[in-house]
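Below: one structure, written as structure tokens.
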Amino acid sequence: MALDLLDNGKLFKQKDVRETKVSTTIENSRIRATRGTVQSIANNTWTKVQINTEVYDTLSEYDNVTDYRFKAKTDGYYLITAAVGTQAATWDADEGITISLYKNGIAYAYEKIYMNANSVANIGLTISISDVFYLKADEYIEVWVLQDQGAAVNLIGAGEYNHLTIHRLS
């Protein structure tokens, strides 16, 4: 594109100015992974959910084979959402399931659902959790569950119930 330019009162004719586009877009961290098969959760034992199927993973930050964890490549704030669902089991009053987001091996957020004091039911329970964490590069997130039904309980074999989604916000 040619422009006439003024500099200190002098007119410079038809200087060539080229448009330059600079990309400021950085590939953002985004993952979604699911577990589509049954996983047994022992009674009164914290168990890592083996979320083993990647739906998308833009920066290859999720290990769906060995550690079942998200490991951040860049510092930032991350929105983390996870959910699990159990197969039908007989739950007595005050029994239930707890889901937790672990950061670097330490529980940082919990949610619990349990039967009220006057009920007994043969049902599946579903629970989800969402939070925003600040992660530095190489810090990691895992999903853990605890149930106290009295015996082992299976997670439903469907990714619609058992999943992890993480998106870097900033």
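Just so it is clear, none of the values below were taken in a lab; they were calculated from the coordinates. Being a predicted model, the structure only gives us computed values, none of them experimental. When we count neighbours, we look across all protein chains shown, and the Cβ atoms used for this are built from the backbone with ideal geometry, even at glycine.
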Per the C-alpha gyration tensor (a ≥ b ≥ c, the square roots of its eigenvalues), region 30-168 is rounded if a/c is under 1.5, else prolate if a/b beats b/c, else oblate; here it's prolate
Please work out the Cα center distance from region 36-85 to region 92-153, rounded to the nearest Å. 14
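Once R0 is set to 30 Å, what does the formula 1/(1 + (r/R0)^6) return for the Cβ-Cβ distance between residue 30 and residue 120, expressed as a FRET efficiency to the nearest 0.05?
Step by step, r from the Cβ atoms, then E = 0.10.
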Return the FRET efficiency for the residue pair residue 90, residue 37: r is the Cβ-Cβ distance, R0 is 30 Å, and the value is rounded to the nearest 0.05. 0.85
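With a Förster radius of 30 Å, plug the Cβ-Cβ distance of residue 75 and residue 130 into 1/(1 + (r/R0)^6) and report the FRET value to the nearest 0.05.
On the way: r = 21 Å, r/R0 = 0.69.
Calculated value: 0.90.
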